[in-house]
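Heads up: the structure comes next, in structure tokens.
The values are calculated or read from the model by the stated rules, or taken from the named source; none is laboratory data. The structure presented is a predicted model; accordingly, all values stated were derived computationally and were not measured. Cβ sites come from the backbone with ideal geometry, for glycine too, and all protein chains shown count toward neighbours. Ligands, DNA and RNA are stripped out before the accessible areas are found, and what is left, the full protein with its side chains, is counted by its heavy atoms. Shrake-Rupley method; radii C 1.70, N 1.55, O 1.52, S 1.80 Å.
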Amino acid sequence: MNALKESPGRQLAYVGITAISFLALNAINEWMFLRLEHSPGINWVFLPAGIRLLATLLFGFAGFVGLLLASFYLNFHHFAFPDDVRAISGALAGAGGPYLAYLFAKHWYNLGPRLKNLTAPRLLITGILCGLMSPAFHHAFMWVQTGLVDWFALAVMIAGDIVGIMFALYLAKGVIKLTDPREVEDYHG
């Protein structure tokens, strides 16, 4: 409901921030961790997974839309998928898994602005949930399309997503805490 109260311009900015952040972190991830790639699109460390959950936690549905647009761009213009169905299903899984994890966290933890109720243990649980959901959706789509599941690739994707999520979310939570004037006042009070 809060998303409806925000201006369309702000929502569009959230979409843009999400898409640009995801694309930039994907480029950085390829530059830094290409040697850890199991197969195209499956890496032992996938930093953009952190942006997936962070964008949905901070921006809600606008984050989902930004992820979907960035994923469509990457899947059709960067990665070499054998067919359009795989590219579309990958984009939906990449954006849908984190958004669903966000919806669960929002419901279970009554998330407030600036991730207020997202404590370290809750952040860990939410990150692991997202790290499981997106790869599971990717591989479920592949199973529906091909009838096969590469269990090792699924495990690598889960590990890579969880590592990327934990890195990005703990970094973001630290930055938010450091930049929150209320936190500074508490320490100097």
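Could you grab me the full set of residues in the stretch 70-97 that are out of contact with any Phe, Trp or Tyr (no Cβ under 9 Å at 6 or more places or on another chain) and part of a helix (DSSP H, G or I)? Give the steps one after another, and end with the answer.
Keep residues of the stretch 70-97 that are out of contact with any Phe, Trp or Tyr (no Cβ under 9 Å at 6 or more places or on another chain), which gives 72-73, 76-83.
Those that are out of contact with any Phe, Trp or Tyr (no Cβ under 9 Å at 6 or more places or on another chain) and part of a helix (DSSP H, G or I): 72, 73, 76, 77.
Evaluate the stretch 166-188: report whether one residue or more is assigned to a helix (DSSP H, G or I) and at pLDDT 90 or above.
Taking the stretch 166-188 as the starting set, the residues that turn out to be assigned to a helix (DSSP H, G or I) are 166-179, 181-188.
This time we only want the ones that are at pLDDT 90 or above, so: none.
No, that holds for no residue.
Scan the stretch 130-159 and report the pairs whose first residue is free of Cβ contacts under 8 Å to residues at least 60 places away in the same chain and whose second residue is open to solvent by 70 Å² or more (accessible area, probe 1.4 Å) and in a helix (DSSP H, G or I), with Cβ atoms within less than 8 Å and a gap of 6+ or a chain change.
Pairs that qualify, where the first residue is free of Cβ contacts under 8 Å to residues at least 60 places away in the same chain and the partner is open to solvent by 70 Å² or more (accessible area, probe 1.4 Å) and in a helix (DSSP H, G or I), are 137/92; 141/92; 149/143; 158/132.
May I ask you to list the residues in the stretch 42-57 that are farther than 23 Å from residue 15 by Cα and in a loop (DSSP other than H, G, I, E, B)?
Within the stretch 42-57, the first condition is being farther than 23 Å from residue 15 by Cα, and the residues that meet it are 42-45.
Of everything in the stretch 42-57, those that are farther than 23 Å from residue 15 by Cα and in a loop (DSSP other than H, G, I, E, B) turn out to be 44, 45.
For residues that are open to solvent by less than 10 Å² (accessible area, probe 1.4 Å), in contact with a Cys (Cβ under 9 Å, 6 or more places away or on another chain) and of a type in the set (A, V, I, L, M, F, W, C), tally how many sit in the stretch 91-144.
Residues of the stretch 91-144 that are open to solvent by less than 10 Å² (accessible area, probe 1.4 Å), as a first pass: 91, 93-95, 97-98, 101, 105, 115, 118, 123, 126-127, 130-131, 134-135.
Of the ones still in play, those that are also in contact with a Cys (Cβ under 9 Å, 6 or more places away or on another chain) are 97-98, 101, 105.
Checking the rest, the ones that are also of a type in the set (A, V, I, L, M, F, W, C) come to 101, 105.
The qualifying residues number 2.
Modelled with pLDDT of 90 or more, touching a strand residue (DSSP E or B) at 6+ places or on another chain (Cβ under 8 Å) and among the aromatic types (Phe, Trp, Tyr), is that true of residue 31? If you could, list the steps in order and put the result at the bottom.
Details: modelled with pLDDT of 90 or more: yes; touching a strand residue (DSSP E or B) at 6+ places or on another chain (Cβ under 8 Å): no; among the aromatic types (Phe, Trp, Tyr): yes.
It is false that residue 31 is modelled with pLDDT of 90 or more, touching a strand residue (DSSP E or B) at 6+ places or on another chain (Cβ under 8 Å) and among the aromatic types (Phe, Trp, Tyr).
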